1. I'd like to check something: does segment 14-37 contain any residue that is free of Cβ contacts under 8 Å to residues at least 12 places away in the same chain and farther than 30 Å from Ser139 by Cβ?
2. Give the residues of segment 356-372 that are open to solvent by 100 Å² or more (accessible area, probe 1.4 Å) and under 22 Å from Gly17 (Cα atoms), sorted by residue number.
3. Among (1) part of a helix (DSSP H, G or I); (2) in contact with a Pro (Cβ under 6 Å, 6 or more places away or on another chain), there is one condition Ala220 misses while meeting the rest; what is its number?
4. Quick one: how many residues across segment 35-49 are open to solvent by less than 10 Å² (accessible area, probe 1.4 Å), touching an Asp or Glu at 6+ places or on another chain (Cβ under 7 Å) and either hydroxyl-bearing (Ser, Thr, Tyr) or part of a loop (DSSP other than H, G, I, E, B) (or both)?
5. Taking segment 313-332 only, how many residues are farther than 15 Å from Asn280 by Cβ and either in contact with a Leu (Cβ under 9 Å, 6 or more places away or on another chain) or of a type in the set (A, V, I, L, M, F, W, C) (or both)?
6. Take the residues in segment 155-187 that are outside any loop (DSSP other than H, G, I, E, B) and of a type in the set (A, V, I, L, M); name whichever of them is surrounded by the most Cβ atoms within 10 Å (Cβ to Cβ).
Amino acid sequence: MSTKPQLPERPSRAAGGPTALDGLLVVDFTRVVAGPACTQTLADFGARVIKIENPDGGDDTRAYEHAEIGGESAAYLSLNRNKSGIALDLAVPEAREIALDLIRKADVVVENFSSGVMKKFGLDYEAVAPLNPRLVYCSISAYGRTGPFASRPGFDPITQAESGFMSLNGFADGPAVRTGPPIVDMATGMSACNAILLALLARDRLGRGQHVEVALFDVAMGMTGFYGMAYLINGENPGRFGNSPSGSPTVGVYEASDGPLYMACANDRLYRRLVIDVMNRPDLIIDAKFATRKARSENKELLRSAIAEVFANDTLENWMAKMKLANIPVGYLRTVEEGFNAPEARERARLSRIPHRTAQWVPNIEPPISMSVTAAIDPAAAPLLGEHTEVVMRETLGYDRGRIAALTEKGAFGLRKATTSD
């Protein structure tokens, strides 16, 4: 039976404390994963992010099937914390004018539409830069905004496959495997956030903004890391190594008598501690077949079999205690349920619950960045579709109620009036 962790209410940050991005206005045209991941980080650390969605269904992730609460999906909630949400039908000219008014006031625009969409609406960088020369405009795409591949649609697993990244995942005797979570999307979001912050720093010195681009394919290729670099040096196509990088026999999953563990003895010093202090098998360092890292690699199957035989003779907790005493990197091989209920998650206050308009409260996974002076803001749950439309029109753009009513009548916010929030 599944046991969800008890989620505490999140304690408030220090009253009046500064934020890293206080005063920064971000106009967010993104949806799905990479773009929202980028803008959520900006929002977490104090930027005001206004998320623009199509009133007909909004962000695709709202309909993702993993789980839902209060009518919102887990995917959408996990990527859109701390944002204001408005609904604009960009097919309506009046809605495009609203978008331009927001862009005139913005520090940052982020978009990840298919190629040509922003240009079709007159919202591409070339069109809006003259209106706001200090604007940092970030485009996120699969293959870039220029060149012969710009019009190709692409998603995380496609770029994992095409870049060579996927070929590194899985076991040598099996097919290439995509990562479970969309790691290229998430890394692209991080890269886009870095690009925006770099451009903002440059703006402080140069006095002007710029267009920055991040492509999933480029990020996936960069994430091949030292495997990709090794190929460029020696011309040898790297394979798949399962849970053991480069097939190392002392890195990977082993089975104790009652459960699995993951061990990483990646150097001679750690290996010596393992076989002498933990396993009481000095023969595994004295024997010439295992005396050096090179020798161990050449005899990896023999060594792995010997280690596996030893581990199978005692319990998981006994091995964990011995290895921790010897300061050997080791961890439990946990499921998501076990990881989220683990003492590390609890002691590091990784999980909490935060208020939500339709669900009373929703789960929250804390940002993985800690800052001593400019901590993350108190989290607000992802907005309902169009939740802040009137507030943004009034408070950010200064529209009066008559103008908002006229725009509603024109269909700028969709066929049905967006939700009002005060």
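1. The answer is yes, given that some residue of segment 14-37 is free of Cβ contacts under 8 Å to residues at least 12 places away in the same chain and farther than 30 Å from Ser139 by Cβ.
2. Initially, segment 356-372 is screened for residues open to solvent by 100 Å² or more (accessible area, probe 1.4 Å), giving 357, 360, 368, 370, 372.
Hits for segment 356-372 are Pro368, Ser370, Ser372.
3. (2)
4. Result for segment 35-49: 1.
5. Going through segment 313-332 one residue at a time, the tally reaches 7.
6. Looking at residues that are outside any loop (DSSP other than H, G, I, E, B) and of a type in the set (A, V, I, L, M), I get Val184.
Table: residues versus (1) touching a residue at least 12 places away in the same chain (Cβ under 8 Å); (2) touching a Lys or Arg at 6+ places or on another chain (Cβ under 9 Å); (3) within 17 Å of Asp378 (Cβ to Cβ).
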residue: Glu9; (1), (2), (3): yes, yes, yes
residue: Gly46; (1), (2), (3): yes, no, yes
residue: Asp59; (1), (2), (3): yes, yes, no
residue: Asp89; (1), (2), (3): yes, no, no
residue: Val92; (1), (2), (3): yes, yes, no
residue: Leu100; (1), (2), (3): yes, no, no
residue: Val109; (1), (2), (3): yes, no, no
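Per-residue answers, yes or no, for (1) within 20 Å of Asp28 (Cα to Cα); (2) without any contact (Cβ under 8 Å) to a residue 24 or more places away in the chain; (3) not acidic (Asp, Glu):
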position: Phe171; (1), (2), (3): no, no, yes
position: Ile183; (1), (2), (3): no, no, yes
position: Ala192; (1), (2), (3): yes, no, yes
position: Leu206; (1), (2), (3): no, yes, yes
position: Phe226; (1), (2), (3): no, yes, yes
position: Glu236; (1), (2), (3): no, yes, no
position: Arg240; (1), (2), (3): no, no, yes
position: Ser246; (1), (2), (3): no, no, yes
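The values are calculated or read from the model by the stated rules, or taken from the named source; none is laboratory data. Everything quoted here is computed from the prediction, not taken from an experiment. Neighbour counts are summed over all protein chains in view; Cβ atoms, including those assigned to glycine, are modelled from backbone coordinates with ideal geometry. Accessible surface areas use protein heavy atoms only, side chains included; no ligands, DNA or RNA. Shrake-Rupley method; radii C 1.70, N 1.55, O 1.52, S 1.80 Å.
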